[in-house]
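Okay, structure first, notes after.
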Amino acid sequence: MNLFLSIHINPITEPLLLDFFILIILLLCSALISGSEVAFFSLDPEKIKTLKEHSNKKGKIIIKLLSNPNRLLASILISNNFINIGIVILSAFISKGLFRFDSALEEFIYETVIVTFLILLFGEVIPKVYANIFNDSFALAMAYPMAIIEKSLRPLSFFLINSSFVINKILKFHDKNPFSIDDLSKAIEISQNFDEKKMLTSIVQLEKSDVKKIMVPRVDVVAIDYFSDFETIKSIIKESGFSRYPVYKENLDNIIGILVAKDLITFINKPQDFKWQKYIREPFFVPESKKIDDLLIEFQKLKTHIAVVIDEYGGFSGIITLEDVLEEIFGEIVDEYDEVEMGYKKLHDGTYEFDGKFLIQDFYRVMNIQKPIFEEQKGSAETLAGLLLEVKGDFPQKNEKFIFGDYELKVAELTERHIEKIIIRKIKPETTKK
């Protein structure tokens, strides 16, 4: 109370009344400009689309201002700061003319704390709350004033924007990922949607997973011999249906380039001796140990969709495509040209037939197995065929059986180099006892 009692009020003069009037005008301007920031930048895509399709002159001005959001924001901030500085200076002048303070503390409270409160309440909080609720009408009302302000401050805003770009480039702020793994992990924890959880988990695992995990292995790659004639090339493309092919000389360990099928479309009627080799593109090589998230960034930078995977000895290990990486995040992607291959089928007797190259992790999902049953025996194997090779230590025989817990795996089809089909059935626990 003593603070209020120790204030001495001077007589109000005409100059002070004019200063009061100017102060109110400045507070109103600050409120309108602060509200404009929220109003313009909170317009959702649907409202912006409506403005584009059915806009009057004010609507066109809004669309034009939003076409360069950095310049608009810079103009708003510059003008608002100038106005707030004016409010502070004018408030101090009014305070000195109207009041006499007995202590520096009183002067600080009345000139700083109260003025700051007024600016925040009437110049920031109230107008921004209002503008957030009525953003479209507020933006339309401020279209002409903001256009004038933006045009008037364009030289200064241009200088500030470019200065910030230089600072960002020096400090490399633009290279910093705004989302950390911790942020994604928290998003996974709070997500209630199963598909969202699955996708976010896949994104987190990209940093831990390497190319070898999802690449197309060497034995499954359709490659083209550099010395093949054009008719052979057309036949391979027609039969396989792929869009990109590694090209080799002499053997698969000597990959020299990538052939993109669409590059040959205009030459489909060319004779057998057509020199298709001149359309081979430069290959992009990556090691098996490369992390998938790093590969995705390189695909984006190089504007390529396929990489040739090399093992530790420099030999050809397989290929990996952009589609493989995206499928790791979003799941299987099937386009209109793909044949849907499940990789397994349920037989009439209740057993399942799986391809040898079917992934162990996908097997767990298909069979709804919550606790992994192959972990101790699988070693570095990732497929069912690899599991049997790891356990056997050699190539198994046809119809040879392997028992893992409640499941029996039987080799159904095999060639000299591959285990093609595996029959899997669930058995009663007591039948596993010897």
In Å, what Rg and Dmax follow from the Cα atoms of the stretch 26-153?
17.6, 63
Computed FRET value (nearest 0.05) for Glu375 with Lys426, which takes r as the C-beta separation and R₀ as 25 Å:
0.85
Once Asp294 and Lys60 are pulled to full extension, the length gained, defined as 0.36 nm per residue separation minus their Cα-Cα distance, is 80.0 nm
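Could you pull out the pairs from Lys303/Lys357; Lys290/Lys392; Lys291/Lys392; Lys47/Lys303; Lys371/Lys421; Lys238/Lys357 whose alpha carbons sit more than 28 Å apart here?
Values: Lys303/Lys357 30 Å; Lys290/Lys392 30 Å; Lys291/Lys392 31 Å; Lys47/Lys303 34 Å; Lys371/Lys421 24 Å; Lys238/Lys357 24 Å.
Flagged as over cut-off: Lys303/Lys357; Lys290/Lys392; Lys291/Lys392; Lys47/Lys303.
Fewest Cβ neighbours within 10 Å first, please rank Val309, Val222, Val325 accordingly. If you can, show how the numbers build up before the last one.
On the way: Val309 25, Val222 15, Val325 21.
Going from least to most buried by this count: Val222, Val325, Val309.
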Within 10 Å of each candidate Cβ there may be at most 16 other Cβ atoms; applying that plus a DSSP loop requirement, which chymotrypsin sites (Phe, Trp or Tyr not before Pro) in the stretch 336-424 survive?
Tyr337
For Ile256, distant residues with modelled amide H under 5 Å away:
Val247, Tyr248, Lys249
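Tell me, what does the Kirkwood hydrodynamic radius of the stretch 246-404 come to in angstroms if you use every pair of distinct C-alpha atoms? Each step should come with its number before you reach the end.
Details: mean 1/r = 0.0520 Å⁻¹.
This gives a value of 19.2 Å.
Find the Rg to Rh ratio for the stretch 204-316, where Rh is the Kirkwood radius over alpha-carbon pairs and Rg uses the same atoms.
Numbers: Rg = 15.2 Å, Rh = 15.2 Å.
Using Cα coordinates only, the ratio equals 1.00.
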Other-chain or far-sequence residues with amide H under 5 Å of Ile419's (modelled H)
none
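I'd like the projected area of the stretch 248-301, averaged over all directions, using the convex hull of its alpha carbons. Report it in nm² with one decimal.
Details: hull surface 21.2 nm².
One quarter of the hull surface, i.e. the mean projection, equals 5.3 nm².
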Percentage of interatomic Cα-Cα distances in the stretch 32-86 larger than 14 Å:
57 percent
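Computed from the coordinates by the stated procedures, all read-outs in this text should not be read as laboratory data. If you're wondering where the values come from, they're calculated on a predicted model, not measured in any experiment. In this analysis, Cβ positions are derived from the backbone assuming ideal geometry, glycine residues included, and neighbour counts consider all displayed protein chains.
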